[in-house]
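Just so it is clear, none of the values below were taken in a lab; they were calculated from the coordinates. Since this is a predicted model, take the numbers as computed values, not measurements. Cβ atoms come from the backbone with ideal geometry, glycine included; neighbour counts cover every protein chain shown.
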């Protein structure tokens, strides 16, 4: 089961990548994140913790990172993993940003459906919030009103 949401954002991909790399600031644009932190650089293998706005915090690890293009983090509890993939590609007007979520592990059948429901409801809101945050941030840094 994959859940995917895509949004067009009127900023260059480098702006999106910078926002993604500021893990401790994810709560500023992701209404479903209360807290996120990495215990090191934003690179493959770095571990941290993410606490959703509803639910318990879970350990996470950066499992893929291509600077300026993508990253994937995995949240995990025993026998259940949540994969959160983020990609950005340049467009004529800025960027196309896609977030994908899927679940693996022996308990995916048990936890997957309830978590998927929350993700399906929250992901469109998160993507619109990222769009607003990125465009305002870019405008303020560019001096554009």
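Take every pair of alpha-carbon atoms less than 8 Å apart whose residues are at least six positions apart; their mean separation over the length of segment 2-139 yields a relative contact order of 30 percent. Structural size metrics of segment 2-139, computed from C-alpha coordinates, are Rg and Dmax of 14.3, 46 Å.
Residue order for 53, 114, fewest other beta carbons within 10 angstrom first, comes to 114, 53.
For the chain, the mean residue ellipticity at 222 nm estimated from helices alone is -10500 deg cm²/dmol, where every DSSP H run of n ≥ 4 contributes -39500 (n - 2.57) and the total is divided by all residues, rounded to the nearest 500. For segment 1-57 versus segment 61-118, the spacing of their alpha-carbon centroids is 10 Å.
Treat the count of other C-beta atoms within 10 Å as a stand-in for reagent exposure and order 104, 72 from fewest to most. Can you show the working numbers first?
Numbers: 104 14, 72 17.
Least crowded to most crowded, the residues run 104, 72.
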